[in-house]
């Protein structure tokens, strides 16, 4: 088992209100799986994805990745974990406006302190993989939404992570660009990448190997798709 | 429209108190510093400007061209010239002699000193100064007349109604009674008589016996002339060479004339009083001279402080323009035209500048008394000047701060702004502008800081530099009036007998000398004769033990050597005198080393002097001025008295103030009618340093203000960037960046313009300070330390300024940061 979530809970507290985003989540994901998480807005999909990506901490429960318990790690160790193991794709792309596409993709490798030549090689390869090499020197604002998302996928895969997390990767794209992105994700999964994707689209969820439905912060259904 | 603008500004202040506060405080600080320094500069430029008919007033200066000494202008001339000038030049309407001095009042045995002047009855014909009481043509007509400043009248009598009251004055050791015949009205604009508290006529004895009245070879007094027409001044100037040839020439035997060709060594110049403040900086013995470059630099510093504050405001305004993009888009959607928006944003900027201007004026009111106490100038807030300058500042600052954001904001396309997920930031162009402004700000601030460090270092150096004698434990008294041999012997004995005194001696020169006696000496070198114009001093037994100069070669005077003692004046042409030279004189005569001068003979007139010793140069005057080559004679007091000897005392084991009291008591036992004024060397020399010290304080103030304003700007930008970059930092952390990497990235970004500003500031400061230091004879060397300290300080302050924001940003949780959009 690559990922094991046990009794995961996430509460948000403000001065007067306590909101439960996740309640007693039990979930296991094998290496090489492609999991689609679905559910209505506010059901806790993105919160679950953030916890899987260690950019948010659960307020209860345990999270084991490859046998390592992550809930007890400090900030620096979590940063190192993310660098080595995770790749992210967001709905709003989250490219840094001030950096070129090439620099955005390279950023993940810079934090790994990888030699420059190796970085260049990997960046070129990742851009080829998603078909945006011709846009390397452009800034995000000069690209279409589909191109930006492909760049974001290139940034997610350039470090050859063990897990790719995609938060509504087609949410801001038209049908054609959405389909292209899903093709890329499927291809990556076929090549061995483990992918967890949050989506509102049933048709895109059907392209995953497993579908997890959530409601009010809980997993209500977890089924394997017949492919 | 005004109501809308006011409402908008108030709302901004409520919603974004940090930005608006920074903006307003920074601008107010800039305005306050600018107004204060402008008032100071205006004060300096207005010196003498309010003297009636100032364009027709001149001072007669002397230009000496003496052998072995660089030619130079001296603020003073021989009083002998005045009657001849009046006679030869009908263009002169009136003329008066004036001698700066210190008069002492005596009341029940207590002496009080007053800054004073001795002058002629014609003084008020030249200077139309107003009298509070008394008639200008009669005030100085009687020999016992006395004109007081209103300040002195109040100090002496508690009132300005003092006409006819009597004052006992000590003049040359004799107490005489004067009657108050005039009280000067207070003047608000500074002039060369601003500090004068008393004026009395010259005594008839002065005019018949003193060298300054009799000899052409003197420059001890001041002659002021009033011309009938300002245009005549240059014409008369051109004829002064002939005037000198006509009147100053005489046979070599005539000690009051200057030989057959006086024009070769002596010239008279007419120095216009309207230009005196800055011109006098380059004139020897002109007390009121100020370096125009320094004053202009202070003005420039004020201007830069204002520019820095404006740059801050522009920077913050452009940075924040994006935050109002949605407001602009909605307003445009609702029908606002570009012009309406332009007027609104410009109006807001001018209103903010107005509020800052008022706060700046309040700050100026607080700063002016502080600056006045720092500089010693009678500085006050002049609302006439402020009333003109402040509205201009408000308009210019408001325009500068408003124009860029107004154009940017009013130019937004509503559809694009409303559709965009993120606030526009003005793009890379605006970011570059912000970086350029921060670079400029810190560049200016660092330049000022380096200048401040160098000026203060030089000032400390001047105070502490080795003067060639031992300053600590040394007290110098007033010159003893008269030529009474017995009294002089008694005085030395009395001072030496004071408990705590190691020894005491006389010299005719002392640190900050009032008068100097110079003469030309020649030496027959194998390569040909050489003449040098030497400062002459006469010293007593024990002088060497009192001052402790360094002996470089030969020996010091010894009373046991008969030829060491200076021969009486009537024997001088027939006798050799043993003399000691300073190092400067030895090198001017062309000796390669001090020991080569020992035993050599130099001559002056008929007198021959044998060099028996060489001492290191002793600095008695301003460190800006080269040390005179000097010849020292020895007087054992066996045969003849000194001319106005100045007692000096070396002491130990006693607190200085107690020693001064004991010495003053000992003095009073010998000369009860003359006040003594024993003081330390530092106190006597302080007048030479005080100007540079005062300006150093102003530069410190300016540097602190500049740094504070620059830091306010950096802080504001850091706060803005912190708010804007939350999302970016979230992405970076998601990609695995550690907190430390984020801190390093942000600090690097914030400090890059600071680093660039250091690169720009250092060469500029180096050039400016190198030129400034060139004005000192004794000066520090510019070292990398001055620059490194300033740069390190700027970095430290910049890091402290942005560190809080940086840590806050680096510690933001990635998930929360990514939701920040």
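Note on the stretch B:730-744: residues that are more than 10 Å from chain A (Cβ to nearest Cβ) and surrounded by 16 or more Cβ atoms within 10 Å (Cβ to Cβ) total 1.
Listed here are the strands (runs of 3 or more DSSP E) enclosed by the stretch B:571-667 that have at least 2 residues being within 18 Å of residue B:503 (Cβ to Cβ) and either over 39 Å from the mean Cα position of the chain (by Cα) or at pLDDT below 90 (or both), and there are none.
Residue B:521 fulfils the conditions (1) part of a loop (DSSP other than H, G, I, E, B); (2) closer than 24 Å to residue B:215 by Cα except for a single criterion, (1).
Checking each residue of the stretch A:80-101 against the condition of being in contact (Cβ under 8 Å) with a residue 12 or more places away in the chain, under 29 Å from residue B:721 (Cβ atoms), away from chain B (no Cβ under 13 Å) and surrounded by 21 or more Cβ atoms within 10 Å (Cβ to Cβ) gives at least one match.
Here residue B:515 passes the criteria (1) modelled with pLDDT under 80; (2) under 25 Å from the mean Cα position of the chain (by Cα); (3) assigned to a helix (DSSP H, G or I) except the one numbered (3).
Can you work out which of the residues in the stretch B:772-821 that are assigned to a loop (DSSP other than H, G, I, E, B) and within 14 Å of chain A (Cβ to nearest Cβ) is modelled with the highest pLDDT? Break it down into steps so the answer makes sense when it comes.
Going residue by residue through the stretch B:772-821, those that are assigned to a loop (DSSP other than H, G, I, E, B) are B:774-783, B:811-813, B:820-821.
Next cut, within 14 Å of chain A (Cβ to nearest Cβ) only: B:811-813, B:820-821.
Details: B:811: 78, B:812: 73, B:813: 75, B:820: 52, B:821: 48.
The residue in question is B:811.
Of all residues in the stretch A:112-144, those satisfying the criterion of being part of a loop (DSSP other than H, G, I, E, B) and either farther than 26 Å from residue A:78 by Cβ or away from chain B (no Cβ under 14 Å) (or both) are A:115, A:131, A:132, A:136, A:137, A:138, A:139, A:143, A:144.
Is the stretch B:592-603 home to any residue that is more than 17 Å from residue B:507 (Cα to Cα), in contact with a helix residue (DSSP H, G or I) (Cβ under 7 Å, 6 or more places away or on another chain) and crowded, with 20+ Cβ neighbours inside 10 Å? Within the stretch B:592-603, one or more residues are more than 17 Å from residue B:507 (Cα to Cα), in contact with a helix residue (DSSP H, G or I) (Cβ under 7 Å, 6 or more places away or on another chain) and crowded, with 20+ Cβ neighbours inside 10 Å. Given the criteria at the interface with chain B (Cβ under 9 Å from one of its Cβ atoms) and free of Cβ contacts under 8 Å to residues at least 12 places away in the same chain, does residue A:69 qualify? Criteria not met by residue A:69.
Being within 14 Å of another protein chain (Cβ to nearest Cβ) and surrounded by fewer than 22 Cβ atoms within 10 Å (Cβ to Cβ) is the filter; apply it to the stretch B:745-766 and report the residue that is nearest to residue A:78 (Cα to Cα). Out of the qualifying residues, it is B:745.
Scanning the stretch B:122-135 finds no residues that are closer than 30 Å to residue B:664 by Cα, modelled with pLDDT of 90 or more and part of a loop (DSSP other than H, G, I, E, B). As a summary of the residue check, residue B:295 satisfies the conditions (1) out of contact with any strand residue (DSSP E or B) (no Cβ under 9 Å at 6 or more places or on another chain); (2) surrounded by fewer than 19 Cβ atoms within 10 Å (Cβ to Cβ); (3) within 22 Å of residue B:623 (Cα to Cα) except for the one numbered (2). Filtering the stretch A:48-66 to residues that are more than 9 Å from chain B (Cβ to nearest Cβ) and part of a loop (DSSP other than H, G, I, E, B) leaves A:58, A:59, A:66.
Taking residue A:44 as the residue in question, decide whether it is within 16 Å of residue A:21 (Cβ to Cβ) and away from chain B (no Cβ under 14 Å). Answer is no for this residue. Just the residues that are over 21 Å from residue B:213 (Cβ atoms) and in contact (Cβ under 8 Å) with a residue 40 or more places away in the chain, please, taken from the stretch B:63-79. Listed by number, the residues that qualify are B:65, B:66, B:67, B:68, B:69, B:70, B:72, B:73.
Residue A:134 - would you say it is modelled with pLDDT of 90 or more, in contact with a helix residue (DSSP H, G or I) (Cβ under 9 Å, 6 or more places away or on another chain) and within 24 Å of residue B:818 (Cβ to Cβ)?
Here the answer is no, as residue A:134 does not meet what is asked.
Among the residues examined, residue A:205 qualifies as at pLDDT 90 or above and either within 20 Å of the chain's Cα centre (by Cα) or buried (at least 20 other Cβ atoms within 10 Å of the Cβ) (or both).
Elements of the type strands (runs of 3 or more DSSP E) sitting completely within the stretch A:150-227 and holding at least 1 residues that are in contact with a helix residue (DSSP H, G or I) (Cβ under 7 Å, 6 or more places away or on another chain): these cover A:163-167, A:194-198, A:210-215.
The values are calculated or read from the model by the stated rules, or taken from the named source; none is laboratory data. Worth saying up front: this structure is predicted, and the values here are computed from it rather than measured. Here the Cβ is made from the backbone with ideal geometry for all residues, glycine too, and neighbour counts use every protein chain on show.
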